[in-house]
1. Peptide B:347-359: average number of partner chain Cβ atoms within 10 Å per residue?
2. Among A:Q57, B:M144, B:L197, flag the residue with its Cα farthest along the positive direction of the charge dipole of the protein assembly as shown, charges on Cβ as +1 for Lys/Arg and -1 for Asp/Glu.
3. Looking only at Cα atoms, what is the convex hull volume of the range B:107-178 per residue, in Å³?
4. Can you check what the Kirkwood hydrodynamic radius comes to for chain B, Cα pairs only, in Å to one decimal?
5. Projecting each Cα onto the charge dipole of the protein assembly as shown (Lys/Arg +1, Asp/Glu -1 at the beta carbon, about the Cα centre), which of B:T241, A:G75, B:A20 comes out farthest on the positive side?
6. In whole angstrom, note down how far apart the Cα centers of the range A:101-120 and the range B:394-472 are.
7. For chain B, what does the helix formula give at 222 nm: sum of -39500 (n - 2.57) over DSSP H segments with n ≥ 4, over the residue count, nearest 500 deg cm²/dmol?
8. Tell me, what is the percent relative contact order of the range B:147-249, built from C-alpha pairs under 8 Å that lie six or more residues apart?
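Each value in this text was obtained by applying a stated rule to the coordinates, not by laboratory testing. It should be emphasised that the depicted structure is a prediction, and the values quoted were computed from it without experimental measurement. Here the Cβ positions follow ideal geometry from the backbone for every residue, glycine too, while neighbour counts run over all protein chains shown.
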Amino acid sequence: MKTVLVIEDNKEIRENTIELLELAGYRVIDVEDGKAGIEAAGRELPDIILCDIMMPQADGYEVLETLKSNLSTSGIPFIYLTASAEKKEIQKAMDMGANAYICKPFDVNELMDTVERLLQ
Amino acid sequence: MIGQRFLEGEAGFKVLFDCATVSILVVNEKGYIELSNPCAEKLFEYDKGELIGKPIETLIPAHLRKKHVLHREKYFESPRSRPMGSDLELYAQKKTGDVFPVEISLGHYEIEDEKLAVAFVTDITAQVRAKKMIAEREAWFRSMAENSPTMIWVADEGKACSYFNNTWLEFTGRSISQEKGIGWLDIVHPDDKEMVLDAYQCAFGRKEPYTAKYRLKRNDGRYRWIQEIAKPTYSPDGEFTGYMGSCSDVHDQFMMQEELELKVCERTQQLNDALNREKAVSEMKSRFVSMASHEFRTPLSIMLSSVSLIDQYIGAEKDGRIDKHLNKIRASINNLTGVLNDFLSIDKLEQGKVKLEYDILSISEFAHDVVNDMQFLKKNKQRINMQLEGEDTLVLDAKKLRHILENLISNAIKYSPDGTDIDLHIQNINGNLQILVHDAGIGIPEEEQIHLFNKFFRATNTGSVQGTGLGLTIVKRYVELMNGSITFKSLSGKGTTFTIKLPNLD
């Protein structure tokens, strides 16, 4: 069973995302801020990470930067999940080495397809 | 000594007498001419010897003759050598009657108790004429300086002003003695004194032309703005002799200009204020749009994911009615997301933040993909027909082209009834892409067509069909950004055709 780490500060979105992923057969670990996300990623070494951008205690960019600088976490597929539709943010995220970028409100199928694709 | 003998000898005297270039006349006590030399005969235009025996007054203009007789008699009373009438202008008269100015020296001698006077006469016509001309010219220059419309001053090499023309004196209402030296400084405005004196003294130091603007007290006690231009002056042999300046009263122009500048300043300030307010409002709007977009997306995400979860939890048990409502919620969320996206797009366009990104496209693949995506929007029995012509490859901003096409097709769907055809005709010939989107929908009322691309405009016949009135505004801006054009033809109740022309790089 593949493990997904969900880093999202909004409780409802976090819960829904967990439920959707669990229904799809994934094991899910969740944290509510960037700092906890970095710790969880290092500790649990998930198969894939879903991460919000605007969060307290280290934003999504900082999370990715830290994970990329660490050999044990740098190879984990990383998907940004964000409410910002700003092109420059998307560009920044991709430049930093994210594997995908999904805008909120996200299409469930798009999310699942992306996760599946990146896990292959 | 030979010279003495020469003079005493008759022959010597004759040579002197005959060859002298001054006219010599010898006159006896009774006033008759005893002798005249050739030069005199020539000057007075008489024949040789013709003057002898004539009264000397013959050679004097008629109106002076009587006076001359008196002068002559007086002279013979105590004759001595002297210039004649040294302080007078003397005139003589030729045989022709022509009168001309002369200079005369008188000498005398006696022979056998007879007193004789010798007059040496020089024609000074040329000198008199030259003198007169100089005097006239000087008067002309003086008059010009005095009556010049500008005020003129002249300073010597020691910085002291030595001359002020009438115009200056009339302006200040002061005498030349009050102005001379640096007297003029007394009537320069106290606030300008230092500056004026500084400019004046510096200029003298460098011997360069200078200009100054200062206030000078007029004869009515009021200070007036004066524009001064001054230049160094030099003698004909190049020696620095001081400065000459001319001043004009520019008070009215200056005040008008000041007033104008003040007005311009005020207006600029007002404009800046308005601009800043506008900018602040625009920034606030941008912040609001950005905030709203972000803040709306979170609840929308929750709703959409919750809908998906409900869908999955109900699973196979759900009936058609639940499905219908779930789809309605999904459609509403998508609709709201679309509105948010439109607001964001128009805001970015207005802020000039939208840039083109070129992609190489296969127009057939691209168009089929777009049309496929639009299929789910179609109403009952609507059909989208596509016709492609020309080259397949082109270079354009794919995202914007997709947005344009999706918008026009979704409009065609939205505003056309069930069972109608929507025709998409794409032509890519010689680097020019032309897209026609035709529907048989409600059309746009003719009188409203002019507003169609205006922000937030919605035609009166759109009824309950939802929309922000931003879709076509964004389309038009995108088309223009891509250096293209968009036009349409529409008949109310019959349908609409949009035509887009886009140059592409391929």
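1. On the way: counts 0, 3, 0, 0, 0, 0, 3, 1, 1, 0, 1, 0, 0.
That average works out to 1.
2. B:M144
3. On the way: hull volume 14.0 nm³, N = 72.
It is 195 Å³ per residue.
4. Working: mean 1/r = 0.0281 Å⁻¹.
Final number for the Kirkwood radius of chain B is 35.6 Å.
5. B:A20
6. 31
7. Values: 13 runs with 225 residues, N = 506.
Computed mean residue ellipticity for chain B: -15000 deg cm²/dmol.
8. On the way: 187 pairs, mean separation 29.5, N = 103.
Dividing the mean separation by the residue count of the range B:147-249 yields 29 percent.
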